[in-house]
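FYI, it's all coordinate maths here, none of it is from the lab. Please read these numbers as outputs of a predicted model, since none were measured by experiment. A quick note on method: Cβ atoms are made from the backbone with ideal geometry, for glycine too, and the neighbour counts reach across all protein chains shown.
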Amino acid sequence: MASTSVKSAYHAGIRDGAPFMLVIAPFAMLFGVLATEAGLSVFETLSFSVVVIAGAAQFTALQLMAEEAPTLVVLASALAVNLRMAMYSASLTPHIGGAPLLQRAIAAYFTVDQSYAVSVTKYEAAPDMSPQEKIAYFFGTVTPVCPLWWIFTLIGALVGEAIPASFALDFAVPITFLAIVAPALRTRAHIGAAITAAFLSLLLFSVPFNLGILLAGMGGMMVGARIEAMTEEATS
Amino acid sequence: MIDKTELWIVIIGLGIGSFALRFAFTGLVGDRQLPIWLMRHLRYTAVGILPAIIAPAVLWPAATNGDFDIPRVSAAIITLTLGLIWKNVVGSIIGGGATLYILQFLLS
């Protein structure tokens, strides 16, 4: 009995994760192309996607390395982009925190925007799922998404090797980030955070080592958090 | 050109750091609740850091040695507008990219 319900939870996860394949494939391919255009080999590009498995952070690191920012700043900025993973981890914990350590470690590696968003929505809609079903569902959502991230990074890298480096791809990262940020501007707090960060970043452009980006991002976060707190006080 | 040693430090460091962030709570903290103020700040990391990277890259692109560039700024505006209205990431990227190439072709 239990094993069939776990299996069907896994299959339900695959179904709910599948629509993201349409987003992940071109996105991974873009990373592969840009990384090889920036001078990375196919092996280095694929390693990047397998080891890090986080789109926005990978694009950030690539952009800053191309701008010759110091290594520490590259790492700090890309990790700052990934801070949201800690939030995902925290909000998944009540649901899958009871699973065995090895499963939790594997789940942690596969905690990405898509698997988190789909799983948390499901757990809230179906609170009577057992812990085994929840973790199986989580791995289901990962199955169509994450292998595609690796495979299409590889395809992109192979394509990128074939394209001449003079193709004006320098602007692909800013365009990609704009396309990611725009739908995320759902509330006044998100909009306030984004506008603050953009303005601060322009003001702090001359700060050495590209540190202005990190400072501006932190300023944006603080404004977002402040607006959220004020909105909550106003409505409660 | 990206230095190979730096590249591998970034790949491995980012891999370890990202895993640590993802494992921090699921793996180590258990099911204790995080302080509200911390969750509140973490929610705005993406909409904070990404615009900070975008803004100077749009207005002062490295490819033009920092000169204001009409095709790039137009492409940015189109991408943002498409994303705000349509909420389709891949569609917005294609729209912005098309704008960039068409204007570069027309203005060259």
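Can you give me the angle between helix B:45-59 and the longest principal axis of chain B, using Cα atoms only, in degrees from 0 to 90, rounded to the nearest 10?
20
Which one of B:S18, B:S74, B:S92 has the biggest mean-square fluctuation once chain B is modelled by GNM with Cα springs under 10 Å?
Comparing B:S18, B:S74, B:S92 in the GNM, the peak value goes to B:S18.
Just to be sure I understand: with springs between alpha-carbon atoms less than 10 Å apart, which residue in A:A54, A:A78, A:A86 has the highest mean-square fluctuation in the Gaussian network model of chain A?
Result for chain A, Cα springs under 10 Å: A:A86 fluctuates most.
Assigning unit charges at the beta carbon (Lys, Arg +1; Asp, Glu -1) and nothing else, what dipole magnitude in debye, to the nearest 20, does segment A:1-156 show about its Cα centre?
Value, rounded to 20: 460 debye.
Step by step: find N for segment A:99-236, compute 2.2 N^0.38 Å, then divide the Cα radius of gyration by it. What's the final number?
Expressed relative to 2.2 N^0.38 Å, the Cα Rg reads 1.41.
What percent does the relative contact order of chain A come to when contacts are Cα pairs within less than 8 Å and at least six residues apart? Show your work: numbers first, answer last.
Values: 271 pairs, mean separation 75.4, N = 236.
The value is 32 percent.
In whole percent, what relative contact order does chain B give with Cα contacts below 8 Å and a gap of six or more residues?
Taking the mean separation of contacting Cα pairs over the length of chain B, I get 15 percent.
Please pull out the direction-averaged projected area of the protein assembly as shown, using the convex hull of its alpha-carbon atoms, in nm² to one decimal place.
17.7
Kirkwood Rh over Cα pairs of segment B:44-107 into Stokes-Einstein at 10 °C, 1.306 mPa s: D in µm²/s?
Reported coefficient: 129 µm²/s.
Counting every Cα pair in chain B, what percent are over 21 Å apart?
Working: 3452 of 5778 pairs.
Tail of P(r) above 21 Å: 60 percent of Cα pairs.
So what are the three principal axis dimensions of segment A:2-169 from its Cα atoms, in whole Å, longest to shortest?
Largest first, segment A:2-169 extends 56, 31, 25 Å along its Cα principal axes.
Okay, helix-only estimate at 222 nm for chain A: each DSSP H run of n ≥ 4 adds -39500 (n - 2.57), divide by all residues, round to 500 deg cm²/dmol; what do you get?
It lands at -26500 deg cm²/dmol.
Along each of its three principal axes, how wide is the spread of alpha-carbon positions in segment A:41-118, in whole angstrom units, largest first?
43, 25, 21
Report, to the nearest 10°, how far helix B:4-23 tilts away from the longest principal axis of the Cα atoms in chain B, using its own Cα long axis and a range of 0 to 90°.
50
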